Amino acid sequence: MNKPASVREQLDAVVVGAGFSGLYMLYRLRQLGLSVKVFDSAGDVGGTWYWNRYPGARCDIPTTDYTYSFDPELEKEWTWSEKYATQPEILDYLRFVADRHGLRSDIEFSTSVTSARWDEQEKRWRITTGRGKEIRCRYYIMATGCLSIPKPPDIEGAGRFAGQVYFTSRWPHEGADFTGQRVAVIGTGSSGIQSIPLIARQASRLTVFQRTANFSIPAHNGPAPADRLKRLGEDRDGYRHAARWSRGGIPIEPTDVLGVTASEAVRRERFEAAWAQGELFGILNVFADQGVNPASNDIVAEMIREKIRSIVKDPGTAEALCPKDHYFGTKRPCLDTGYFETYNLPHVLLVDLRKQPIISITEEGIETPDESFGFDAIVYATGFDAMTGALVAADVAGRDGLSLKEKWATGPSTYLGLMTAGFPNVFMLTGPGSPSVLSNMTVSIEQHVDWVAGCLEDMREERFETIEPTSLAESGWDQHVQDCAAITLHPTANSWYMGANVPGKPRVLLPYIGGVNAYRQACDEVVSQGYLGFRRTGPEGARCRDGVIRRMQPDVAMVLDLVAAMGMPPMDTLSAADARALMAATAAIRPPGPEVGEVTDGVIPVPAGDLPYRLYRPAVPPEGPRPLVVYFHGGGWVLGNLDSDDPLCRDLCQRSGAVVVSVNYRHAPEARFPAAALDAFAAVQWVDANAIELGGIPGQLAVAGWSAGANIATVACQLARDDGGPHISGQVLICPVVDSDMTRLSYQKNGDGYILTTALMRWFWDHYADPADRADPRAAPLHGNLDGLPPTCIVAADFDPLRDEGVAYARALEDVGVPVRLARARGHTHTSVTMVGVVISGAPVRAEIGAALRNFFAVRPTTEQIE
Ligand code: NA7
């Protein structure tokens, strides 16, 4: 029971946790002149490194980088003895830091915070400690660590075992001596993999119970890497700066080699170099696409499996140790010293729990269906309730008494991983939604602490007392965190990153995977935009600039950055010929799109001459005729051809199961309005008339197009209706041009910076149609008669100047009773949805298009309609 609150104290800030983050937070708060107290249930500083004392415990980031950078003098005075320091050395380091800066005087050890309550009247937190102290403080900072709450052993009979029980996460200070003992280790995550070789040296028999085989590479420990020391020696500040602005918090050059296209020799060379280097960020950087593309990932995974097979002598054990149920990197890979070699020792046995599960733990040992094992000691290396465990375990009640546990019942929700709405003045260091465990923790910790310190300083200067994110900003950030996750392979794994190791925990990628650099940029922008998304209050009133800091899909933003870096001239400054050449050059370097069953080229004879077409037939059964989709490429009536939209056509074909006929039409300025529109209509008529020869089902014909291609597709529908045929089952209009009015809001917002610009759109119109013709429904179909048009799917992208005219077309069609499906391409630009194989986040939108096409054809036309 808690002791009654006896001592009252007023402080500016309370920090929970005296690990890497709590210590630096204390240092910074003191610098600001704030009164502060740190509480930690441990007997000394160290946090994670205080508790995880198991044999072999080391960091898995080189210690040259796993170190504070805020104090250059400290860096001079401390030299790490190894590439990956052991737990005792890291603990010594943190003690050294605490002593050097006299931090201990503001830390209460062996004291936990038992509750924290927000007092709305006082605008302060009421904190109670396990020693019966009550503290009022303005700011409550949770430096509670990502891996601090051990996962309880969820194994039947765990309490019954009469021998010694150890948890890697709560190892006894006096150590453990396994000499001559029969030892079981349960769990083969990092803790198991680091401790098993050392336990094997003492134990008379070691049995490892493995549920999931894990990827591990040799750490090649030894002296600190010479190249890093050299770089640090030459330019320490430059090195640290590069780390802060790197993807993972370590300055390495991200590769642009794609696993799927690299030659076998390049693949092998890159992999062997990473294996020899023995660094996590190296092995995660063999290929640029290994984190997103299953085929590329499998190349690295298979090379690691080959290594395991070459080390472990018993083929059955080797196979059991080969991870096959998750993509490499989706569970944290391990760095080991002699882990796989340990299984060659005669007294070490691997039990594969997938084949031989634990029935129960007994007084004597462990019972499996095939065998009863007797043990003197059981070591649980079963992991943590990571990232959110310590935060929700703390009894924190915010505004209206809502607890963090209640708020996060369906998963954590944060703004920048730093704060959460309803909990004013509560800061989380390396909380969920920040890069944390996917990065070099020390870099991320320093960034968080510096941000919080800067925020408190700004509040003091601007006379604010409280800060809290808005729900709009928070849900926007949550969405961005999940958007970043969705384009990777991470969500497929049952990892602790996903919360999947704890039964009942909501399944969501907890850390932010967009990168330390992207994250830092977002945090900085929030500040430079006047604390965008935060509401700050003080005696002089409240200030809130509400908004969402990242609305764009992360891979779309990457493409825009790449395009900007290429420094290409704006297309609207080029001649049509040069613009076409530029478009062809960019098309030549992109991925080819999915395989389809058959691709054939032909020509369509129309009054104006022959129009080339390319036909795509689906690969999958059934054999026989399919519905037909006539597709028109984008390019502002000026650019584009059969090649330009080839990957998209393959994708449409695969997703819709239809035969796609991509038609090249006459282009402006050589053939101006209404040439393209008339060609489109003529092509639709011809495809309909030749449906059987093309392998189509007569009467099952849809049209589709992107941009200007969507313009002529829907014009063809209007002309077909007026001409009495052919029957069109549906139309798919991807970011269509349907009007020549360039004053809509989406033009104002998105007219610059997103590839299709207002200037380029004007350039297209000028090439295509005289001003007098631009209101003609065959140029601006929004102004045409929309009655009786076929069911329609319209894609409208957030960052497209054409967004609002697409939406206006959808509404106008609905008004006259046309069934419309408006697919919002959230976070996309005019071009990104069509970037098959490049912009992964476009896939769900294209899936929606595929579903719409299938749906058009699911409604069979009546005989009357066919006639
Ligand atoms: P991890 O990586 O979560 O590993 C825990 C291991 O324990 C893992 O192999 C689990 O298998 C296994 N486990 C968990 N529960 C059970 C039960 N009930 N039965 C059998 N096996 C079980 O924790 P670590 O402490 O090793 O490492 C945590 C991080 O610290 C590490 O990633 C580094 O960042 C440092 P599973 O994979 O869930 O099938």
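Okay, residues lined up against (1) open to solvent by less than 20 Å² (accessible area, probe 1.4 Å); (2) touching a residue at least 12 places away in the same chain (Cβ under 8 Å); (3) within 29 Å of M835 (Cα to Cα); (4) away from the ligand (no atom under 16 Å from the Cβ):
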| residue | (1), (2), (3), (4) |
| --- | --- |
| S471 | no, yes, no, yes |
| D478 | no, yes, yes, yes |
| C484 | yes, yes, yes, yes |
| T492 | no, yes, yes, no |
| W496 | no, yes, no, no |
| A500 | no, no, no, no |
| P503 | no, yes, no, no |
| P511 | yes, yes, yes, no |
Exercise for review: Determine whether V300 is over 30 Å from P251 (Cβ atoms) and not in a loop (DSSP other than H, G, I, E, B).
Suggested key: no
Review point. Can you name the residue in segment 847-859 that is open to solvent by 10 Å² or more (accessible area, probe 1.4 Å) and either closer than 21 Å to S644 by Cβ or out of contact with any strand residue (DSSP E or B) (no Cβ under 8 Å at 6 or more places or on another chain) (or both) and is also modelled with the lowest pLDDT among such residues?
Key: V859
**Study point:** Subset of segment 168-185 (residues that are on the phi < 0 side of the Ramachandran plot and open to solvent by 10 Å² or more (accessible area, probe 1.4 Å))
**Key:** R170, W171, P172, H173, E174, A176, D177, T179, Q181, R182
Exercise for review: Just one of (1) buried (at least 18 other Cβ atoms within 10 Å of the Cβ); (2) within 14 Å of F215 (Cα to Cα) trips up I311, so point out which.
Suggested key: (1)
Point to revise | segment 519-539: number of residues that are under 29 Å from P251 (Cβ atoms) and either in contact (Cβ under 8 Å) with a residue 60 or more places away in the chain or within 16 Å of the ligand (Cβ to nearest atom) (or both) | key: 6
Point to revise | Flag if A542 is within 16 Å of the ligand (Cβ to nearest atom), open to solvent by 10 Å² or more (accessible area, probe 1.4 Å) and either modelled with pLDDT of 95 or more or in contact with a Phe, Trp or Tyr (Cβ under 7 Å, 6 or more places away or on another chain) (or both) | key: no
Revision key, fill the gap. Flagged in segment 43-57 as on the phi < 0 side of the Ramachandran plot and open to solvent by less than 30 Å² (accessible area, probe 1.4 Å), in numbering order, are D44, V45, W49, Y50, N52, Y54, A57
**Study point:** Tabulated pairs, segment 272-292, first touching a residue at least 24 places away in the same chain (Cβ under 8 Å), second open to solvent by 50 Å² or more (accessible area, probe 1.4 Å) and among the acidic types (D, E), C-beta under 6 angstrom, 6+ apart or interchain
**Key:** A288/D256
Exercise for review: Just one of (1) at pLDDT 95 or above; (2) farther than 19 Å from A658 by Cβ trips up V838, so point out which.
Suggested key: (1)
Point to revise | Residue selected from segment 186-202 under the condition of a type in the set (A, V, I, L, M) and more than 11 Å from P55 (Cβ to Cβ), by the criterion nearest to the ligand (Cβ to nearest atom) | key: I186
Study note, to complete from the structure: Cβ pairs under 9 Å, 6+ apart or interchain, first in segment 151-168 and farther than 22 Å from G389 by Cβ and more than 9 Å from the ligand (Cβ to nearest atom), second open to solvent by 60 Å² or more (accessible area, probe 1.4 Å) and aliphatic (A, V, I, L, M), ordered by first then second residue, are E156/I359; G157/I359
Exercise for review: Hey, can you tell me all the residues within segment 212-268 that are more than 30 Å from the chain's Cα centre (by Cα), among the aliphatic types (A, V, I, L, M) and open to solvent by less than 50 Å² (accessible area, probe 1.4 Å)?
Suggested key: A224, L232
Exercise for review: Scan segment 154-167 and give yes if some residue there is under 27 Å from I61 (Cα atoms) and either basic (K, R) or open to solvent by 20 Å² or more (accessible area, probe 1.4 Å) (or both), otherwise no.
Suggested key: yes
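Looking at segment 313-324, is at least one residue within 16 Å of the ligand (Cβ to nearest atom), farther than 20 Å from S195 by Cα and not in a helix (DSSP H, G or I)?
Looking through segment 313-324, at least one residue is within 16 Å of the ligand (Cβ to nearest atom), farther than 20 Å from S195 by Cα and not in a helix (DSSP H, G or I).
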Study note, to complete from the structure: Within segment 727-753, residues being open to solvent by 50 Å² or more (accessible area, probe 1.4 Å) and hydroxyl-bearing (S, T, Y) number 1
Review point. Of the residues that sit in segment 203-233 and are touching an Asp or Glu at 6+ places or on another chain (Cβ under 8 Å) and hydroxyl-bearing (S, T, Y), which one is nearest to the ligand (Cβ to nearest atom)?
Key: T212
**Study point:** Pairs with Cβ under 7 Å, 6+ apart, first in segment 92-108 and under 16 Å from S21 (Cα atoms), second modelled with pLDDT under 95 and in a strand (DSSP E or B)
**Key:** none
Practice item. Looking only at segment 44-73, count how many residues are farther than 16 Å from I90 by Cα and touching a residue at least 60 places away in the same chain (Cβ under 8 Å). Key: 2
**Study point:** Count of residues meeting criterion [in a strand (DSSP E or B) and either within 25 Å of C455 (Cβ to Cβ) or aromatic (F, W, Y) (or both)] in segment 116-129
**Key:** 8
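The rows are residues; the columns are (1) in a loop (DSSP other than H, G, I, E, B); (2) within 22 Å of Y84 (Cβ to Cβ).
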{"site": "R131", "(1), (2)": "yes, no"}
{"site": "I135", "(1), (2)": "no, no"}
{"site": "G159", "(1), (2)": "yes, no"}
{"site": "F178", "(1), (2)": "yes, no"}
{"site": "V185", "(1), (2)": "no, yes"}
{"site": "L198", "(1), (2)": "no, yes"}
{"site": "R201", "(1), (2)": "no, yes"}
{"site": "T212", "(1), (2)": "yes, no"}
Check your understanding: Wholly within segment 601-677, which strands (runs of 3 or more DSSP E) include no fewer than the required count, namely at least 1 residues that are closer than 21 Å to P726 by Cα, touching a residue at least 12 places away in the same chain (Cβ under 8 Å) and among the charged types (D, E, K, R)?
Key -> 609-617, 626-632
Exercise for review: Tell me which residues, restricted to segment 421-474, are within 17 Å of G33 (Cβ to Cβ) and among the acidic types (D, E).
Suggested key: D450, E457, D458, E461, E462, E465
Practice item. Consider only pairs whose beta carbons are under 9 Å apart and that are at least six residues apart or on different chains; among these, list those whose first residue lies in segment 715-743 and is at pLDDT 95 or above and whose second residue is hydroxyl-bearing (S, T, Y) and surrounded by fewer than 20 Cβ atoms within 10 Å (Cβ to Cβ). Key: M742/T758
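The values are calculated or read from the model by the stated rules, or taken from the named source; none is laboratory data. Note that the coordinates shown come from a computational prediction; the quantities given were computed from them, not determined experimentally. A quick note on method: Cβ atoms are made from the backbone with ideal geometry, for glycine too, and the neighbour counts reach across all protein chains shown. With ligands, DNA and RNA removed, areas are computed over all heavy atoms of the protein, side chains included. Shrake-Rupley method; radii C 1.70, N 1.55, O 1.52, S 1.80 Å.
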